[in-house]
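Peer 1: This is the structure, below, for whatever I ask next.
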Amino acid sequence: MGTPWWRDDLASLDANRFDVVVVPKVSSVSELSQVAELLPAGIGLEAQIETARGLVEVERVAALGPPLEALVFGPGDFAASIGVPVLTIGAGPSDYALARIVVAARAFGLQVLDGPWASLDDDAGLVASARRALALGCDGKWVIHPSQIDPVNEVFTPSEAELERARGILAAADGASRVSGEMVDAATKRLAEAVLARASAP
């Protein structure tokens, strides 16, 4: 939105050809509202949170409502925004920012995605970054090269052992009970349901 052409970009959209518009560097809900007002019906909206100001405003941005569908973390611009001394997009500590974005997204029923890992030959770093995103509650992670698709999908797809454990938890008696040496209760069953939901996600 910092360019003079963003309204022309929106005016050129065809709802029959596009599913979603991603707005980078969102820093306020009023900014995103301007896009939402001009968006053709039937096209969703995703907001990238990738600046210090955007993170400060993330809860208000998440509360916008339809057509907003997801929040996306932008690690490179965010690191630059707060002065993290890294030279690779996706490197450096960002757990606080990502966790806050996840909480805001979940509070308002949105999906949430981690941003890319730019070191294309560092598969171990990519997998570690994807695992961190999953551990913090993300639904997925952006990829920027075809070689990154399978490793990221593998991280976000529950293993057969995880699925079997989740089914066992859901089969346990209601209330607090013991399953495989652990106490499980209603909260544990919600965790199990989330694992099964990830397995069936498109």
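No lab work stands behind these numbers, since they all come straight from the coordinates. This one's a predicted model, so the numbers in the text were calculated from it and none came from an experiment. Backbone-built Cβ (ideal geometry, glycine too); neighbour counts: all protein chains shown.
Peer 1: Condition first: of a type in the set (S, T, N, Q) and over 21 Å from L134 (Cα atoms). Can you find one or more residues in the range 100-120 that meet it?
Peer 2: The answer is no, given that none of the residues of the range 100-120 is of a type in the set (S, T, N, Q) and over 21 Å from L134 (Cα atoms).
Peer 1: Conditions: (1) over 26 Å from E69 (Cβ atoms); (2) touching a residue at least 24 places away in the same chain (Cβ under 8 Å); (3) hydroxyl-bearing (S, T, Y). S129 meets all but one. Number of the miss?
Peer 2: (1) is the only condition that S129 fails.
Peer 1: Is it the case that E193 is more than 20 Å from the chain's Cα centre (by Cα) and surrounded by fewer than 17 Cβ atoms within 10 Å (Cβ to Cβ)?
Peer 2: So E193 does not fit the description; no.
Peer 1: While we're on this one: Just name the residue that is farthest from A197 (Cα to Cα) out of those in the range 104-125 that are in contact with a Gly (Cβ under 8 Å, 6 or more places away or on another chain) and part of a helix (DSSP H, G or I).
Peer 2: It comes out as G125.
Peer 1: Tell me, please, whether a residue that is surrounded by 17 or more Cβ atoms within 10 Å (Cβ to Cβ), touching a helix residue (DSSP H, G or I) at 6+ places or on another chain (Cβ under 7 Å) and of a type in the set (S, T, N, Q) can be found in the range 129-136.
Peer 2: No: the range 129-136 contains no residue that is surrounded by 17 or more Cβ atoms within 10 Å (Cβ to Cβ), touching a helix residue (DSSP H, G or I) at 6+ places or on another chain (Cβ under 7 Å) and of a type in the set (S, T, N, Q).
Peer 1: Filter the range 148-190 for residues that are touching a strand residue (DSSP E or B) at 6+ places or on another chain (Cβ under 9 Å) and not small (G, A, S) and give the result.
Peer 2: Of everything in the range 148-190, those that are touching a strand residue (DSSP E or B) at 6+ places or on another chain (Cβ under 9 Å) and not small (G, A, S) turn out to be Q148, V152, N153, V155, F156, R165, I169, R178, M183, V184, D185, T188.
Peer 1: Across the range 50-92, which residue is surrounded by the most Cβ atoms within 10 Å (Cβ to Cβ) among those that are β-branched (V, I, T) and in contact with a helix residue (DSSP H, G or I) (Cβ under 6 Å, 6 or more places away or on another chain)?
Peer 2: V61
Peer 1: Of the residues in the range 169-190, how many are surrounded by 12 or more Cβ atoms within 10 Å (Cβ to Cβ) and touching a helix residue (DSSP H, G or I) at 6+ places or on another chain (Cβ under 8 Å)?
Peer 2: Result for the range 169-190: 7.
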